[in-house]
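Visitor: Shown below is the structure under consideration.
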């Protein structure tokens, strides 16, 4: 816990006030911090945050071209599906359930690479993964990088203001930080390189991988549907990149307790299950906070979980070697169940033989 409390670079306004409560900066303080952390001329250690938002700016012209030159109803439908479902679900599959929580394992490096590059690369794994560990450890407490009680702007600009890793870690702590991402396939900086760049990922390798990823998808979509399809898809990716930054503010009740009995069973924080993020991205957020290492978070029959369907499909074809599935445990611990469900769940606890949670329920 001590490590996670100090692994992120604190903002200029700090995490806590003198009484230990959450510091709630005003909009001017948040914006000042944001532009300071984007300034690569002040320090090259700002490169990762700068690159992340630069990618969003690169996608803006595609959106404008689609709207004003290539617009069509078909293109709009494609853009909607790509932005809301494809990009959203991929973020849950890759950044959330794999990079952060290791909820499943790939059979080999090829399938890891394949899944990583299923969509345009926009959100750096490092920015998401390390800070998300902190989010779970300090959820809705001071130090949570996207604490909804700090307000919308506090969450929306968190990837720059609150999520980058600390820049003055000891070599021992840096090694711990690297270990949190060791399974992702990202080759880390040496400690000396970290001291220079302030990041785990090396800028040269990161930028080359983005160029190759974008180049591949640009070519693929151009060959399939010409410049109109390219603009629709790339523009939609830009919309997602902005919209995803609003999720944790909404997913934690906008700083208020919006949990509902019979829907939100986790009471340790303010996370809530929402229909829209659940259906389009498999992000049943309260369920996820209840069982963060589960490859499935859509536990109830109506809780569609596209991310889980992808992971399960890969396991069927042998691309995923193992996964955690907490659905049985969820029903056993939290829900009123038919007798046969109770018996099935109790068998997990009482059976002398080990039971794999990856079995279907």
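Computed from the coordinates by the stated procedures, all read-outs in this text should not be read as laboratory data. The structure presented is a predicted model; accordingly, all values stated were derived computationally and were not measured. Reconstructed Cβ throughout: ideal geometry from the backbone, glycine too, with neighbour counts over all protein chains shown.
Visitor: How high is the relative contact order of the chain? Use alpha-carbon pairs under 8 Å, at least six apart in sequence, and give a whole percent.
Guide: On the way: 514 pairs, mean separation 81.5, N = 361.
Answer for the chain is 23 percent.
Visitor: Oh, and also: If you look at just the Cα atoms of the stretch 165-318, how large are its Rg and its Dmax in Å?
Guide: Rg and Dmax of the stretch 165-318, Cα atoms, are 19.7, 51 Å.
Visitor: Name the most mobile residue of 208, 81, 127, meaning the one with the largest mean-square fluctuation, in a Gaussian network model of the chain with Cα contacts below 10 Å.
Guide: Taking springs between Cα atoms under 10 Å, the residue moving most is 208.
Visitor: Next question. Arrange the peptides 26-36, 89-99 so that the one whose residues have, on average, the most other Cβ atoms within 10 Å appears first.
Guide: Put in order of decreasing packing, that is 89-99, 26-36.
Visitor: For 242, 317, what's the fewest-to-most ordering of other Cβ within 10 Å of each Cβ? Intermediate results must be reported in sequence, preceding the final value.
Guide: Values: 242 13, 317 9.
Going from least to most buried by this count: 317, 242.
Visitor: Something else about it: Using the count of nearby Cβ atoms within 10 Å as a rough guide to exposure, how do 211, 85 rank from fewest to most? Let's see the in-between values first.
Guide: Working: 211 11, 85 16.
Ascending Cβ contact count within 10 Å gives the list 211, 85.
Visitor: Sticking with this one: Given points 7 Å out from each Cα along the Cα-Cβ axis, report the residue 300 to residue 118 separation in nanometres with one decimal.
Guide: It is 2.5 nm.
Visitor: Compute the distribution of all C-alpha to C-alpha distances in the chain, in bins of 20 Å from 0, and list the percent of pairs in each, rounded to whole numbers.
Guide: 27, 59, 14, 0
Visitor: Given a 10 angstrom Cα cut-off, can you work out which residue in 249, 191, 154 is the most mobile in a GNM of the chain?
Guide: Greatest mean-square fluctuation among the candidates belongs to 191.
Visitor: Next up: Report the relative contact order of the stretch 195-280, percent, no decimals, based on alpha-carbon pairs under 8 angstrom and at least 6 residues apart.
Guide: Values: 32 pairs, mean separation 13.0, N = 86.
Rounded, it is 15 percent for the stretch 195-280.
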